[in-house]
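The values are calculated or read from the model by the stated rules, or taken from the named source; none is laboratory data. Only a predicted model underlies this, so the values are computations on that prediction, with no experimental measurement involved. Here the Cβ positions follow ideal geometry from the backbone for every residue, glycine too, while neighbour counts run over all protein chains shown. Quick note on the areas: whole protein, heavy atoms, side chains included, nothing else; ligands and nucleic acids left out. Shrake-Rupley method; radii C 1.70, N 1.55, O 1.52, S 1.80 Å.
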Amino acid sequence: MMKKVNIPRVVIAATQSSSGKTTVVTGILRALKNKGLNVQPYKVGPDYIDPSYHGMAAGSKGHNLDTWLVDESVINDLFVQESKDADIAIIEGVMGLYDGGKNGVSSTAQLAKKLNAPVILVINVQSMGDSAAAIALGFKLYDSDVNLAGVILNKLGSPTHKALIEEAMKKINVPVYGAIFRDDNVHMPERHLGLTPAGENNAREVIEKISEKIAQEVYLDEIIELAKTAPAIEVEEFEAENIKKDITIGIAQDKAFSFYYPASLAQLENLGAKLKFFSPLEDEAIPVDVDALIFGGGFPEVFAQELMQNTSMIKSIRKANERKMPIYAECGGFMYLMQGIYDFEQRFYEMVGLIPAKAQMNKKLQTVGYVKAKILQDNILGKQNDEIKGHEFHFSTQIDVQDESFPWAFEFTKMRNNMKYKAGYAKDNIVGSYLHLHFLGSKQNAKYFVEKIRAYKKIGRASCRE
């Protein structure tokens, strides 16, 4: 049975990356929360860090909307499920409004149309006059199915500058929803993968400072009214199953490992997994009675010294591996399970050593983008030749792989240019690679992984517990 749900919503997009969009959105989220609204934030695309700021600003967990990682048919269901208690949903776009993967997959425009949401375009108008209106008009006309409802002018130089561009916008009938004056002291902290994760800095203080400015210079009441114009979303009505939690998965989560999609972890819970979070940085050992381990992405290179010095944690992970406990690792977690990491200054730090390779940090970004990952041999995620959709984003490379019989986990195919290459590691109970996947979009792999964990719990853990 289908049902219609009214959720006030608006997409905040930009003309291009580095337009100040994330700063603007984070400020809007906090300012709306400070007005007493229950705000649900979203981020278009695969990014992990922006949603951490969104969540901190809004006081509710940030979610990703990505039509490559998650089937497009699921997007509306995910959106409605996570927004059901919200007064308003704010969706931050990715890159420029029409930018995405190959053929525009998972672009902000695609998601805006899918959710039937009005779009506000952030334009960096520094050193620009009437041309800002020409840009807005071009974006409005490029795809008439996108409801480009107005603009936010960012990095204005003066009241005169503001008046000039507002007059130009009137000529093309494009409403202005904010006029933000340039302030070099108001910005988000950054590092080599983009923004610094919210948990590592004085994020709350930064967010409050940004929100004070946004509350003064962005027209929040007008944005709320615009969001209310979004039509009802039609989704299928169903009752959630009450599934018994019969396995426990240890999730590494701290400053070094923080890249997880909440809906991805929730999919494991929906299949019967209880999640126990632990810190490879601060805890002495993995949690007691876990049946599997997941090491997500993050910044192990930044905390390599601390990770290396936590030898009791490393020993407990090695003991779990000796018991053949299922272990899955992505990107930063993959690096942590290697023999060691060479940082940007070529200093070497010994890591867990379950994967016979090393990670080398590089000054330049090595790869970014969507990939298809074909499983090269049966492993804990699936059967040989199964395909998984995911993405890569890393500065490090996997080096010192000298054995010709090295058990590669996947053959990656880059979606932009169809380039193919072997990647990762898969042997016995371990799978690790630079692949970031989403279990909600890889339901069969999630189910396969959970069944492997159940098999281990039934046979392996019972016979090997110390």
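Things to note:
- Boolean, Leu156 is within 30 Å of Asp66 (Cβ to Cβ), buried (at least 21 other Cβ atoms within 10 Å of the Cβ) and touching a residue at least 24 places away in the same chain (Cβ under 8 Å): no
- Applying the criterion of being under 29 Å from Pro300 (Cα atoms) and open to solvent by less than 30 Å² (accessible area, probe 1.4 Å) to the residues of the stretch 177-188, the residue that is modelled with the lowest pLDDT is Met188.
- Scope the stretch 265-278; condition open to solvent by less than 10 Å² (accessible area, probe 1.4 Å) and either over 19 Å from Ala455 (Cα atoms) or not in a loop (DSSP other than H, G, I, E, B) (or both); matching residues: Leu268, Ala273, Phe278
- In the set (1) within 25 Å of Leu437 (Cα to Cα); (2) assigned to a loop (DSSP other than H, G, I, E, B), the condition left unmet by Ser18 is number (1).
- Test: residue in the stretch 307-323 that is free of Cβ contacts under 8 Å to residues at least 40 places away in the same chain, part of a loop (DSSP other than H, G, I, E, B) and open to solvent by 40 Å² or more (accessible area, probe 1.4 Å): no
- Condition met for Pro326 (within 21 Å of Gly250 (Cβ to Cβ), surrounded by 15 or more Cβ atoms within 10 Å (Cβ to Cβ) and either at pLDDT 95 or above or not hydroxyl-bearing (Ser, Thr, Tyr) (or both)): yes
- Restricting attention to the stretch 52-62, the residues being farther than 22 Å from Lys228 by Cα and either out of contact with any Gly (no Cβ under 9 Å at 6 or more places or on another chain) or open to solvent by less than 10 Å² (accessible area, probe 1.4 Å) (or both) number 1.
- Lys389 being assigned to a strand (DSSP E or B), in contact with a Phe, Trp or Tyr (Cβ under 8 Å, 6 or more places away or on another chain), in contact (Cβ under 8 Å) with a residue 40 or more places away in the chain and open to solvent by 80 Å² or more (accessible area, probe 1.4 Å): yes
- Meets criteria (at pLDDT below 95 and in a loop (DSSP other than H, G, I, E, B)) for Ile286: no
- Answer from Val94, Val44 - the residue that is over 18 Å from Ile233 (Cβ atoms) and among the β-branched types (Val, Ile, Thr): Val94
- Residues that are among the small types (Gly, Ala, Ser) and in contact with a Gly (Cβ under 8 Å, 6 or more places away or on another chain) were ranked within the stretch 354-384; the one that is most open to solvent (accessible area, probe 1.4 Å) is Gly369.
- With respect to the stated conditions, Val450 is assigned to a helix (DSSP H, G or I) and either within 21 Å of the chain's Cα centre (by Cα) or β-branched (Val, Ile, Thr) (or both).
- Sole exception among (1) in contact with a Leu (Cβ under 8 Å, 6 or more places away or on another chain); (2) of a type outside the set (A, V, I, L, M, F, W, C); (3) crowded, with 24+ Cβ neighbours inside 10 Å for Lys21, by number: (1)
- Filtered residue count, the stretch 289-306, keeping only those that are surrounded by 19 or more Cβ atoms within 10 Å (Cβ to Cβ) and either outside any loop (DSSP other than H, G, I, E, B) or of a type in the set (Ser, Thr, Tyr) (or both): 7
- Residue match in the stretch 393-403 (condition: of a type in the set (A, V, I, L, M), assigned to a loop (DSSP other than H, G, I, E, B), surrounded by fewer than 16 Cβ atoms within 10 Å (Cβ to Cβ) and over 25 Å from the mean Cα position of the chain (by Cα)): yes
- Residue in the stretch 410-429 that is farther than 25 Å from Ser258 by Cα, open to solvent by 10 Å² or more (accessible area, probe 1.4 Å), part of a loop (DSSP other than H, G, I, E, B) and among the charged types (D, E, K, R) present: yes
- The residue that is modelled with the lowest pLDDT, counting only those in the stretch 64-94 that are open to solvent by 10 Å² or more (accessible area, probe 1.4 Å) and closer than 24 Å to Gln16 by Cα, is Glu72.
- Residues of the stretch 111-147 that turn out to be in a helix (DSSP H, G or I), under 25 Å from Leu69 (Cβ atoms) and open to solvent by less than 10 Å² (accessible area, probe 1.4 Å), as a count: 2
- Qualifying residue in the stretch 25-40 (condition: open to solvent by 10 Å² or more (accessible area, probe 1.4 Å), touching a helix residue (DSSP H, G or I) at 6+ places or on another chain (Cβ under 6 Å) and not in a helix (DSSP H, G or I)): yes
- Pairs are defined by a Cβ separation below 8 Å, a sequence spacing of at least 6 or placement on different chains, a first member in the stretch 438-450 that is farther than 16 Å from Glu330 by Cβ, and a second member that is not in a loop (DSSP other than H, G, I, E, B); the pairs so defined are Lys443/Gln267; Gln444/Gly382; Tyr448/Gly382; Val450/Ile247; Val450/Leu268; Val450/Ala273.
- Considered as a group, the residues in the stretch 353-386 that are of a type in the set (A, V, I, L, M, F, W, C) and assigned to a loop (DSSP other than H, G, I, E, B) include one that is farthest from Asn429 (Cα to Cα), and that residue is Leu365.
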